[in-house]
Amino acid sequence: MNIYDIAREAGVSIATISRVLNDSPKVKESTRTRIERILEKHHYSPSAFARGMVYGSMHTIGVLTVDVRDLYFGTVTHAIEQAFSRSGYTTVLCNTGGIPERQLHYLELLTTKKVDGIILVGSYFDNRELEEAIRHVAARIPVIMLNRDLQGDNIWSVVCDEAQGISACVAHLSALGHRDIIYIRDTTTFSAMRKLSGFRRGMESAGLENAGGSVIETEKGIEGGISGVLQAAERGVPFSAIVTGDDVCAAGVIKGLKKLGRIPGRDVSVTGFNDSLLARSTDPELSSVNSRPEEMGETAVSILSRVLEGEDPPKITLVRPELILRESTSPFTEKKE
């Protein structure tokens, strides 16, 4: 019998059990009495793990990400590790490569290691088997998901409003006089779907849903950005501005435009996403959406810390992005023949 079994039998959250064990006054007397009877019935004595849930004695957090070499994922996981380090916690980092078998393996591994909590970085945990595995893990260990909203007990989410960020790009380009705006989509994750919906919403709000806006599907990375531009040109799709969902893709777009003999930032405006170091390394420098990865990571740490202290924070926390303007966007000018 462990703390999770006690919570299940009592019909309450682990946080409530933690409050009772910690003698918190924030528990109704009838609930406290019921829980104490169950504890006495099973001769329950908190294990080291259970004490870690209440007092923070285990000091180990599991972090699963896709690839720490990715600029976005690396920034988020660094923020998480640094924040936990300042609190005396150790993090166990697992790179899954977005491969379901590895994701399942690491979830099971971290469960056996009895970490205090698990943070999943990225929206790649997106199939039914993984969702069920996450819910199964959450029955025993609190789970925080970044950029993915999954309903379930003991699961919390920190989500960037990426749709709003992409809509802001479209609104900015529309205000500059652009009407032929295309979106280059290089992934099919939940994050990518939110961005696509933001593009469509932005086009509709600007009255451009029927003004030549197109979505170009391509592969991920710089080569995908190049390919997306070349596809649009080959298909005869008119464009004076290009919106992307990632700075890496946008860097490829800039290269592709140069291959076509079109000057990025003057002939064609380009926006990126994440406002990574790459946004300031391209020529021209990218206007890009700051998705606040450091804030995302630190918010995840704050939420998990509150859970471990017996609190029950909101299930979903929304982080607002910001469009940072640089040289890659400019007013539309009619091309002279």
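Taking a ≥ b ≥ c as the square roots of the eigenvalues of the Cα gyration tensor of the chain, is the shape rounded (a/c under 1.5), prolate (a/b larger than b/c) or oblate? Could you put the intermediate results ahead of the total?
Details: a/c = 2.92, a/b = 2.62, b/c = 1.12.
Prolate.
Count of lysine pairs in the chain with Cα atoms under 21 Å apart, counting only pairs 8 or more residues apart in sequence or on different chains?
Lysine pairs meeting the criterion: 11.
Give me a comma-separated list of calculated 3J(HN,Hα) values for the range 248-265, in order, Karplus coefficients 6.51, -1.76, 1.60 applied at θ = phi - 60°, integers in Hz, x for any Gly or Pro.
Per residue, the Karplus-derived 3J(HN,Hα) values read 5, 4, 5, 4, x, 4, 4, 5, x, 4, 5, 4, 7, x, 9, 8, x, x Hz.
For the range 101-109, in order, what is each residue's ³J(HN,Hα) by Karplus, 6.51 cos²θ - 1.76 cosθ + 1.60 with θ = phi - 60°, in whole Hz (x at glycine and Pro)?
Couplings: 4, 5, 4, 5, 4, 5, 4, 5, 4 Hz.
Given the chain, what percent of its DSSP beta bridges are antiparallel, to the nearest 5? Display every interim value, and only then the final one.
On the way: 3 of 40 bridges.
Percent antiparallel among DSSP bridges in the chain is about 10.
For Arg280 and Glu311, FRET efficiency with R0 = 41 Å and r from the beta-carbon atoms, rounded to 0.05?
On the way: r = 39 Å, r/R0 = 0.94.
About 0.60, to the nearest 0.05.
Give me the distance between the Cα centres of the range 65-116 and the range 274-337, rounded to whole Å.
21 Å
What longest region of the chain stays clear of trypsin sites (Lys or Arg not before Pro) that DSSP places outside H, G, I, E and B and that have at most 10 other Cβ atoms within 10 Å? Write out the running numbers ahead of the final one.
Details: sites that count: Lys28, Arg69, Arg235, Lys335, Lys336.
Counting only loop sites that pass the neighbour cut-off, the longest clear stretch is 70-234.
Can you classify the range 54-163 as rounded, prolate or oblate using the Cα gyration tensor, where a ≥ b ≥ c are the square roots of its eigenvalues, rounded means a/c under 1.5, and otherwise it's prolate if a/b beats b/c and oblate if not? Provide the component values of the computation, followed by the final result.
Details: a/c = 1.38, a/b = 1.09, b/c = 1.26.
Note, shape of the range 54-163 comes out rounded.
What does the accessible area per residue of the range 232-314 come to in Å², with a 1.4 Å probe and no ligands, DNA or RNA counted?
Numbers: 3110 Å² over 83 residues.
I get 37 Å² per residue for the range 232-314.
So what is the relative contact order of the chain, in percent, for Cα pairs below 8 Å that sit 6 or more residues apart? Please list the in-between numbers first.
Details: 674 pairs, mean separation 57.8, N = 337.
Contact order relative to length: 17 percent.
What are the ³J(HN,Hα) values, in whole Hz, obtained from phi via the Karplus relation 6.51 cos²θ - 1.76 cosθ + 1.60 with θ = phi - 60°, for each residue of the range 168-185 in sequence order, with x given for Gly and Pro?
5, 4, 5, 4, 5, 5, 4, 5, 7, x, 7, 10, 8, 10, 10, 10, 9, 9
Taking only Cα atoms and a 10 Å spring cutoff, compute GNM fluctuations for the chain and point out the largest among Tyr183, Tyr89, Tyr72.
Of Tyr183, Tyr89, Tyr72, the most mobile in the Gaussian network model is Tyr89.
When the chain is modelled as a GNM with alpha-carbon springs shorter than 10 Å, which of Gly11, Gly252, Gly297 fluctuates the most?
So, out of Gly11, Gly252, Gly297, the one fluctuating most is Gly11.
If the chain between Thr60 and Asp149 were fully stretched, how many nm would it gain, using 0.36 nm times the residue separation less the Cα-Cα distance?
Full extension from Thr60 to Asp149 adds 29.7 nm.
Computing the accessible area with a 1.4 Å probe over protein heavy atoms, can you report the carbon and sulfur percentage for the chain? Walk me through the numbers on the way to the answer.
Working: 7490 of 15420 Å².
Using a 1.4 Å probe with all protein chains present, the chain comes out at 49 percent carbon and sulfur.
Using a probe radius of 1.4 Å on heavy atoms only, what accessible surface per residue do you get for the range 68-198? Whole Å² is fine. Spell out each step's value before the answer.
Working: 5330 Å² over 131 residues.
With all protein chains present, the range 68-198 gives 41 Å² per residue.
Name the residues whose placed amide hydrogens come within less than 5 Å of the amide hydrogen of Arg148, ignoring near sequence neighbours (fewer than 5 apart) on the same chain.
Counting only residues 5 or more places away or on other chains, the set is Val158.
The values are calculated or read from the model by the stated rules, or taken from the named source; none is laboratory data. The structure presented is a predicted model; accordingly, all values stated were derived computationally and were not measured. Methodologically, a virtual Cβ is constructed for each residue, glycine included, from the backbone with ideal geometry; neighbour enumeration extends over all protein chains shown. Quick note on the areas: whole protein, heavy atoms, side chains included, nothing else; ligands and nucleic acids left out. Shrake-Rupley method; radii C 1.70, N 1.55, O 1.52, S 1.80 Å.
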